[in-house]
Amino acid sequence: MRIASGGHAFFAATFIALGILGLIKGDFTPVWTPVPQTVPAREVLVYLAAFVSFVSGLGLLWKRTAALAALLLLACLLLWILFFRVPAIFHAPTKLDPWFGLGETAVSVAAAKVLYAWFATDRRSNGRPGNGNDSAKLRLGFTTGEKGLRLARIPYGLAMIPFGVGHFIYLKETAGLVPNWLPWHLAWAYFFGFTFLAAGVAILIGVCARLAATLSAFQIGMFTVLVWIPIVAAGSKNAFVWSETILSVALTAGAWVVADSYRAIPWLATNKR
């Protein structure tokens with residue numbers, strides 16, 4: 001077993017749980033929704049998504065399979081974006097919900113790409129000169145190491161933009177989710193909308209990116225802990241609440257992995273191009 005970070009372990013466990021949940025329910029879990037009812041072989045896709053979640057999550061926990069598992073999950077998530085998220089944007093380009101859905105998937109894409117960059121680099125670094133690993137490294141170098149990590153962070157930074165915009169467009173709804181024991185609900189909604197936008201920009205331009213990624217991951221995690229989990233714990237049977245709770249956990253896991261990818265970078269560092 002190989003655990004690269006706390007975020008890695010949590011992300012793997014989350015996708016194992018998503019896979020089990022999908023197989024039990026016989027329906028798509030929130031990470032893989034929405035899929036129109038008119039899609040051919042939809043039931044097959046349900047179990048395929050559950051199987052990919054479970055197998056990739058399990059594979060991420062073993063050193064020999066971690067890179068392959070990350071690549072499998074990354075490829076499937078990218079295909080999901082291509083076939084389901086992008087068409088939804090084309091159908092309603094001015095609406096926020098399709099962009100928000102794209103951002104949700106992009107967080108998991110970023111995390112899977114970070115994990116692939118870590119584990120594929122480890123596998124190649126263990127190779128000996130003359131056995132073909134050097135040429136493979138040249139061909140795929142941009143997907144691993146520091147270059148691979150920089151590439152992986154882009155979708156995460158982009159995802160923060162619709163998350164932030166959503167706080168302003170759905171201001172009243174967001175303020176209504178703030179726990180009652182906290183004052184100034186509207187102010188908190190404005191504040192978190194701004195911090196998501198600021199985090200996205202900081203990550204994309206590489207200014208204080210580690211701080212931005214860590215704080216955004218903490219923010220998503222606190223939203224999970226302070227908003228959705230208490231509602232579920234209170235006995236809510238609302239399908240939307242349960243879906244949002246599961247999705248928020250998955251977003252927390254993905255954000256944690258991305259934040260972990262900056263661990264070798266100073267908190268207030270800026271990119272030197």
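FYI, it's all coordinate maths here, none of it is from the lab. No experiment lies behind these values; they were computed from the predicted model shown. Please note: Cβ atoms are built from the backbone with ideal geometry, for glycine as well, and neighbour counts cover all protein chains shown.
For this structure, a couple of remarks:
- Fully extending the segment from Leu226 to Tyr190, taken as 0.36 nm per residue of separation minus the present Cα-Cα distance, adds 11.2 nm.
- Compared with the dominant Cα axis of the chain, that is its longest principal axis, helix 145-169 is turned about 10°.
- log10 of Debye I(q)/I(0), alpha-carbon scatterers only, for the chain at 0.08 Å⁻¹: -0.33
- For the peptides 253-259, 102-108, the ranking by packing is 253-259, 102-108, with the highest mean count of neighbouring Cβ atoms within 10 Å listed first.
- Highest-first arrangement of 21-32, 66-77, where packing means the average Cβ count within 10 Å: 66-77, 21-32
- Highest-first arrangement of 199-206, 230-237, 168-175, where packing means the average Cβ count within 10 Å: 199-206, 168-175, 230-237
- Taking all Cα-Cα distances within segment 164-252, those exceeding 23 Å account for 25%.
- Mean Cα-pair separation over length for the chain, i.e. relative contact order, pairs under 8 Å, 6 or more apart, %: 20 percent
- Helix 185-205 axis versus longest C-alpha principal axis of the chain: approximately 20°, rounded to the nearest ten.
- In degrees, nearest ten, helix 42-59 long axis to first principal axis of the chain (Cα): 60 degrees
- Taking segment 6-260 as the region of interest, the number of lysine pairs whose Cα atoms are within less than 29 Å, with members eight or more places apart or on different chains, is 12.
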